[in-house]
Every structure is written in C-alpha cells, then in structure tokens.
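Trainee: One structure, as structure tokens, below. Some questions next.
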C-alpha cells in the first residue's frame, strides 16, 4: 500500500497587523485558505487539513480543524493539525469534512506543513518535498536560494517531538534546529516565493506581483 503524505495548512492567524483574519483574505478571487489548500492538493498532498482559528473558513475538499487555542500562536495550530492526523486522537480532535475512504489516517506517513499567508509558494515545492520523502528524507524543508523557509515535510515518527517543542509562534522551528541531521534542504527558488502577508502593504505588494504573473502550480 502506498503511504500517503497529508497536507496541513496553518490558517489560524488573527491578522492583527493586517486588519482581518488571514484565512479570509482574498487574492485573485480566492481566499488564502482555499488557495493554500489547492496548492497542497496540487502538489500531491492527500488528505488536506486546514487549521483555522478566530473565524470559520469554507474550503471544499479539505478537512477543517478548529484550533481553539489559536491565541497562543502558530505552535498550537501545528499541534492541532498533527493531532488530527494521529490515530490515537479522541473524537474531540476529529476534524470536520469528507470522511477518508479507508475510515482513518493510518496510512499517512508524513505531513507537509504550509502557511496560508504565503500564497506565492507553488505546488511544485510540495511535490519536491514529497519526492524527497519518497527517496528517504524523514524531514524535508523547502529552501529559496539556499535559505530554509516553507513548506516543511515531517515524517510521522517525528510528530510527537515536533508537538512537544512547538510553543508560541515558533511552529516546527525548534525541532528543526535541534535535529539538523534529519533535515534535507530542497531547493524551490524556481517554483515560487515564500514572501508572506503580514500587513496591508504586504498584501498590496503581493497582489501586484500576483497580477503580473501566474503563481506556479496554483490554479484559480
């Protein structure tokens, strides 16, 4: 049986500097939540989970995971997404959405974690991380001109350690720094950009960039 790689989109940001929750920000006629989910699916991730916080976001074809602790930062959203994929999770951790064909997540061997506020990341980056995992990499990190950024793939056997170290807004960073020997950098500079949206100025800039060129691997 082929091992599946899930996709987790972290979209629980309140957007305090932006002035609106990031999941509902529209770019090119799509919310960032839908765009990020499409990017993960387009790169081969299945299933796709979208972790939301202060607002509900409708994302067809994706499971929605509500992070009730979203105020504590990205770490709690990452933990919520990974817990939702864990077979040992109780009913309270179960996301809402289409039921997987096999009834559980048992065959999911790794997860690609992406951020909703980085809409210029392309699906090809996800695909390359999955290819690296298939070639034996337990942890794969997309890099741009040699600099590690997002998305990040983490094999299932490391989820517990990632969750334990994911505190505040750090996400998977503490785990990655503590275990550099596990990390495979995958160059993705030609597939898109990790530029993120934090302020209205960022949104205006990225909207202009988006209008000028198509984002690789992301369908409108």
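The values are calculated or read from the model by the stated rules, or taken from the named source; none is laboratory data. Computed from a prediction, not measured in an experiment: that's the story for all the values here. All Cβ positions, even for glycine, are placed from backbone atoms using ideal geometry, and neighbour counts span all protein chains on display.
Trainee: Counting only residues that are surrounded by fewer than 16 Cβ atoms within 10 Å (Cβ to Cβ) and within 19 Å of residue 86 (Cα to Cα), how many does the range 168-177 have?
Mentor: The number of residues fulfilling the criteria is 0.
Trainee: Take the residues in the range 45-62 that are in a loop (DSSP other than H, G, I, E, B) and crowded, with 19+ Cβ neighbours inside 10 Å, then tell me which one is nearest to the chain's Cα centre (by Cα).
Mentor: Looking only at the range 45-62, we keep the residues that are in a loop (DSSP other than H, G, I, E, B), and these are 45-47, 53-62.
Okay, now just the ones that are also crowded, with 19+ Cβ neighbours inside 10 Å, so 45, 47, 53, 57, 59, 62.
On the way: 45: 10, 47: 12, 53: 14, 57: 15, 59: 14, 62: 12 Å.
Of everything passing the filter in the range 45-62, 45 is nearest to the chain's Cα centre (by Cα).
Trainee: Of the residues that sit in the range 63-83 and are touching a strand residue (DSSP E or B) at 6+ places or on another chain (Cβ under 7 Å) and outside any helix (DSSP H, G or I), which one is surrounded by the fewest Cβ atoms within 10 Å (Cβ to Cβ)?
Mentor: Start the filter on the range 63-83 by keeping residues that are touching a strand residue (DSSP E or B) at 6+ places or on another chain (Cβ under 7 Å), which leaves 63-67, 74, 77-78, 80-82.
Narrowing the set further to residues that are outside any helix (DSSP H, G or I) leaves 63-67.
Working: 63: 24, 64: 20, 65: 26, 66: 15, 67: 23.
Result: 66.
Trainee: Being in contact with a helix residue (DSSP H, G or I) (Cβ under 8 Å, 6 or more places away or on another chain), part of a helix (DSSP H, G or I) and buried (at least 18 other Cβ atoms within 10 Å of the Cβ) is the requirement here; does residue 141 meet it? Lay out the reasoning, then the answer.
Mentor: Details: in contact with a helix residue (DSSP H, G or I) (Cβ under 8 Å, 6 or more places away or on another chain): yes; part of a helix (DSSP H, G or I): no; buried (at least 18 other Cβ atoms within 10 Å of the Cβ): yes.
It is false that residue 141 is in contact with a helix residue (DSSP H, G or I) (Cβ under 8 Å, 6 or more places away or on another chain), part of a helix (DSSP H, G or I) and buried (at least 18 other Cβ atoms within 10 Å of the Cβ).
Trainee: Could I ask something else about it? Report yes if some residue within the range 155-175 is at pLDDT below 95, closer than 15 Å to residue 9 by Cβ and assigned to a loop (DSSP other than H, G, I, E, B); otherwise report no.
Mentor: yes
Trainee: For the range 7-22, enumerate the residues that are at pLDDT 85 or above and either farther than 23 Å from residue 128 by Cβ or surrounded by fewer than 24 Cβ atoms within 10 Å (Cβ to Cβ) (or both).
Mentor: So in the range 7-22, the residues at pLDDT 85 or above come out as 7-12.
Scanning the range 7-22 gives a single hit, 12.
Trainee: Okay, moving on. I want to confirm something. Restricting to the range 63-96 and keeping residues that are at pLDDT below 50 and under 30 Å from residue 135 (Cβ atoms), which single residue is nearest to the chain's Cα centre (by Cα)? Write out each step before concluding.
Mentor: Quick first cut of the range 63-96, residues at pLDDT below 50 only: 87-96.
Narrowing the set further to residues that are under 30 Å from residue 135 (Cβ atoms) leaves 87-89, 95.
Values: 87: 20, 88: 22, 89: 20, 95: 16 Å.
The selected residue is 95.
Trainee: In the range 15-26, is there at least one residue being touching a residue at least 40 places away in the same chain (Cβ under 8 Å) and within 11 Å of the chain's Cα centre (by Cα)?
Mentor: Within the range 15-26, not a single residue is touching a residue at least 40 places away in the same chain (Cβ under 8 Å) and within 11 Å of the chain's Cα centre (by Cα).
Trainee: With the requirement that a residue be closer than 19 Å to residue 151 by Cα and part of a loop (DSSP other than H, G, I, E, B), what does the range 17-44 give you? Break it down stepwise before answering.
Mentor: Going through the range 17-44, the residues closer than 19 Å to residue 151 by Cα turn out to be 22-23, 31-44.
Of everything in the range 17-44, those that are closer than 19 Å to residue 151 by Cα and part of a loop (DSSP other than H, G, I, E, B) turn out to be 43, 44.
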